1. Could you size up the charge dipole of the range A:1-90 around its Cα centre, putting +1 on the beta carbon of Lys and Arg and -1 on that of Asp and Glu, and report it in debye to the nearest 20?
2. Which GluC sites (Glu not before Pro) in the range B:32-130 pass both tests, a DSSP loop state and at most 13 other beta-carbon atoms within 10 Å?
3. Tell me, B:ASP77, A:ASP191 in order of fewest to most beta-carbon neighbours within 10 Å?
4. Can you give the longest stretch of chain B with no exposed loop site, where a site means trypsin sites (Lys or Arg not before Pro) in a DSSP loop (not H, G, I, E or B) with at most 12 other C-beta atoms within 10 Å?
5. Principal axis extents for the range B:22-77, Cα atoms only, whole Å, descending order, please.
6. Rounded to the nearest 0.05, what FRET efficiency is calculated for A:LEU195 and A:VAL145 with R0 set to 51 Å and r the Cβ-Cβ distance?
7. Give me B:PHE190, A:PHE164 ranked fewest to most by other Cβ atoms within 10 Å of their Cβ, as a rough exposure proxy.
8. Among rounded, prolate and oblate, which fits chain A when a ≥ b ≥ c are the square roots of the eigenvalues of its C-alpha gyration tensor, a/c under 1.5 means rounded, and a/b larger than b/c means prolate?
Amino acid sequence: MIDAAARLRRPPWLRIYLGITLLLFLAAAAFGLLFSPRDVTQGDLIRIMYAHVSVAWISFVAVGLTAVFGALYLWRGKRRDDVLAVASGEMGLFFASLTIIGGMTYSRPTLNTFWTWDAKLTLTAIMVALMVGYFIVRGLIDDPVRRGRVSAVVAIVAAASLPFNYLAAEWFRTLHPAKSVALDGSGVTMDGTMLAVLLFNTFVAGLIYLGFMLDRVRLGHVEAALEEERSLAATRQAPMGKEVVRV
Amino acid sequence: MNDLHAVLWIARKDLLQEARSKAVTVATVFFSAVTLGVLAFAFGENPLLMREGAMGALWVALAFAGVISAAQSWQADLEDGALEALLAWPVPRAAVYLGKLLANWGLMTALGFVLLPLAGGLYGADIGGGAATSAGAGGGGGETAPALVVAVLLGTIAAGTLGFALIAVFYAGLTANLRARESLLPVLMFPVVVPILLAAVRASNALVGSGDLDLAWAWLRLLVGFDLVYAVVCLVLFRFVVEA
């Protein structure tokens, strides 16, 4: 019998890490909101960019890692890789949703609309749909091995589609005789201070991702152990000669 | 029997099954026709909008037809343990996938060729006329013969339906024995096929509207690139899809 209660308590090193990350997050927010320069055209609105772009980059990393862990699971078959894949997938979905909310918040005052078919925003919306599909499939399969395999396949196909989705969305409005103007606010050349603040925000977002991953993976291992224990108990209780139920 | 024979045999089996039961043909032809009709009603107020939306409507109809076709081809095999017998056969899993893919692709391409004049007629788009306009006016791609434009259009349909078939057959195999498979298949499939839909519609619009071969070719490159990459990805991953 595993002692779930004991294993669910956060270990001290994780608490310290999360505490430091929280402080760094407050520092990053302060830099973004208070100590960075205003933009020449957008004024204070540019400050949304620090939260939006940093979270967007990490969301793509998270979804990519979901596919990588999935591939590792297909290759090695270790439950630990599946736990990592789910954790990264949850983070990817969460950060992608934050990106969309940030994007909508950004486009309303700057472009006077809640949604633009900007390539990056479209790509993120598609990525949210892909990750939702990933979790729906996971929810429908009970056998952990098959679930891990099938969801790994879904994650790999989804991640492989992202470059094509980006190209298609990029050309969606521009590869046409009447060009449209794409405003994503970050610009090609950025003030040095702004770039530094953006990179710091991205670093902190990465630390947050890592912190959530560590916590979620810990929980995932407990979940896996509990699941195994329950299935063993069910097998022992099942009468002989019962037919195998396929999922 | 080598692998290529196995692929062709499986494709032939699926097509024969379809020829006898006509389940997929009936379902997809009528569903596509209904889709075109419904979209025509939705956008019918504005004739210009309808004409420009003709190819978009065509590809939406083809996308849904692809879902039906792929789902049906796997369901037919799940009955009476036919799929297990097929998987017990000592050929690579990829051969099973390729065979089903070829059969579905053939059916969808045929459907696309049938729907093209239908969409043109319903929506008031002159399929070969775009090229004639551009050739007559001396603009666009210069001298583009209408026959060439129509040929490239048919090629676009084949490339686009290949992309749909690749993803649809793959995901239909994955969801074949899951609950809620009918609603899950479009949910899984459509975000992945967005590039195909976009590229195919843009290429078709370029060809039908102005006979612009250069613009169409730009989109066709994306389409063909997608098809190639996904052919490899799906072939490699397929064996994890049908393992028990």
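1. Dipole size: approximately 400 debye.
2. B:GLU45
3. Values: B:ASP77 22, A:ASP191 15.
By the 10 Å Cβ count, ascending, the order reads A:ASP191, B:ASP77.
4. Numbers: sites that count: B:LYS22, B:ARG179.
Value returned for the longest uninterrupted segment is B:23-178.
5. Here the spans come out as 45, 14, 13 Å, largest first.
6. On the way: r = 46 Å, r/R0 = 0.90.
After rounding to 0.05, the efficiency reads 0.65.
7. On the way: B:PHE190 19, A:PHE164 24.
Arranged by neighbour count, lowest to highest, B:PHE190, A:PHE164 become B:PHE190, A:PHE164.
8. oblate
Every number here is computed from the coordinates shown, using simple stated rules; none is lab data. Being a predicted model, the structure only gives us computed values, none of them experimental. Methodologically, a virtual Cβ is constructed for each residue, glycine included, from the backbone with ideal geometry; neighbour enumeration extends over all protein chains shown.
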